[in-house]
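A short reminder: the numbers here are calculations on the coordinates, not readings from a lab. Worth saying up front: this structure is predicted, and the values here are computed from it rather than measured. Ideal geometry is used to build each Cβ from the backbone, glycine not excepted, and the neighbour counts take in all protein chains shown.
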Amino acid sequence: MSSSSFTHNGFYVLMIVVSTMVVVCAGGSFYQDIDLAWGDNHAKIFNGGQLLSLSLDKVSGCGFKSKKEYLFGRIDMQLKLVAHNSAGTVTSYYLSSQGPKHDEIDFEFLGNLSGDPYILHTNVFSQGKGDREQQFYLWFDPTKNFHTYSIIWKPHHIIFLVDNTPIRVFKNAESVGVPFPHNQPMRIYSSLWNADNWATRGGLVKIDWSKAPFTAYYRNFKATQFSSKSFNPNSGVEWHTTELDAYGRRRLRWVQKYFMIYNYCNDLKRFPLGLPAECTRTRF
Ligand SMILES: *[C@@H]1O[C@H](CO)[C@@H](O)[C@H](O)[C@H]1NC(C)=O
């Protein structure tokens, strides 16, 4: 690695630290940004609006949604997932529009037995159609500390990031006939629920209710709506080029090489008549 790119990366990290601090100082509050959507008292906001928790027990799971809707933007949230034996629980955190032809950009965290790894499941729906799963292991224990999970949604691509490392890029492939989420505003949703009919090894491992309640924590929510002006090709903003620099592309390849455990684009058995059009090899 050249020293100039090292300096660049160091600077980048510094920028993230600074911007996170700005959010905290600005006093962004879950009270202002979030509605507890279901599950009554299972979802809680505390620490003056800085911390939110979702719990699941035998009675109910729960969930929240953002008060605002976004049409393109960047969403950042720090999550600390259900610790210890979380097998059968799923914590989902996603963007979604309404209606039968809805668009959706998903993170789902599939719990596991103590010491076994969570699976991070991702998907993209456009015009009501999903079937675009990619799954990953994480390179850290997501239950020990808070980590940042982000979605960048722009007209030409969607990027999933974990601690600012890109793990997945879904490119706009409208030019080859693949619908892309571009006109339906989305809200942020999150929920913690019982999925022990499928989540852990296809439903083999059931929730151990003696360990309930299962609790996940959230903080430092930040949503930036991109103004449509910034996507004007004449505005001077390079909206048509991908925003991953060489370091970002290297990180993406690293994650995909060592941590990706499923990619629908490699699943020839599932698509015997040919892989989906957006799967044709593209460079990031
Ligand atoms: C749970 O752990 C097992 C064993 O390491 C692994 O095969 C599996 O992918 C993990 N995740 C889930 C959700 O089952």
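Would you mind checking the range 41-60 for residues with the amide N under 15 Å from a putative spin-label position 7 Å along Cα→C-beta of Tyr31?
Under cut-off, by backbone N: 44-52.
Report, in listed order, any pair from Lys58/Lys222; Lys144/Lys206; Lys58/Lys101; Lys44/Lys67; Lys58/Lys80 with a Cα-Cα distance greater than 27 Å.
Lys58/Lys222; Lys58/Lys101
Assuming R0 = 25 Å, can you tell me the calculated FRET efficiency for the pair Ala246 and Asp141, based on Cβ-Cβ distance, to the nearest 0.05?
That gives a FRET efficiency of 0.30.
For Asn197 and Ala277 in the same chain, what is the full-extension length gain: residue separation times 0.36 nm, less their Cα-Cα distance, in nm?
25.7 nm
Using θ = phi - 60° and the Karplus curve 6.51 cos²θ - 1.76 cosθ + 1.60, what whole-Hz ³J(HN,Hα) does each residue of the range 44-56 get, with Gly and Pro shown as x?
In residue order, the calculated couplings are 9, 10, 8, 6, x, x, 8, 9, 9, 10, 10, 10, 10 Hz.
By its C-alpha gyration tensor, with a ≥ b ≥ c as the square roots of the eigenvalues, how is the range 2-281 shaped: rounded for a/c under 1.5, else prolate for a/b larger than b/c, else oblate?
Rounded, since a/c falls under 1.5.
Which order results if Val90, Val255 are arranged by neighbouring Cβ count within 10 Å, fewest first?
Ranked by crowding around the Cβ, least crowded first: Val255, Val90.
What does the extension gain come out to for Lys171 and Lys101, with contour length at 0.36 nm per residue minus their alpha carbon separation?
Full extension from Lys171 to Lys101 adds 23.3 nm.
For Tyr262, Tyr149, which order do you get if you count the other beta carbons within 10 Å of each Cβ and list the fewest first?
Fewest-to-most ranking of Tyr262, Tyr149: Tyr262, Tyr149.
Just report the Cα centroid separation between the range 42-57 and the range 106-139, whole Å.
Comparing the Cα centres of the range 42-57 and the range 106-139, I get a distance of 23 Å.
Between Glu69 and Lys129, how high is the FRET efficiency from 1/(1 + (r/R0)^6) when r is the Cβ-Cβ distance and R₀ = 22 Å? Nearest 0.05.
Result of the calculation: an efficiency of 0.55.
Can you give me the relative contact order of the range 2-281 as a percent, contacts being Cα pairs under 8 Å and 6 or more apart?
24
Based on the alpha-carbon gyration tensor of the range 144-223 and its eigenvalue square roots a ≥ b ≥ c, which shape applies: rounded if a/c is under 1.5, prolate if not and a/b is larger than b/c, or oblate?
Note, shape of the range 144-223 comes out prolate.
Any of Lys129/Lys257; Lys129/Lys269; Lys65/Lys257; Lys171/Lys257 with alpha carbons more than 31 Å apart? Name them for me.
Exceeds cut-off: Lys65/Lys257.
If we count other beta carbons within 10 Å of each Cβ, what is the order of Met260, Met77, fewest first?
Met260, Met77
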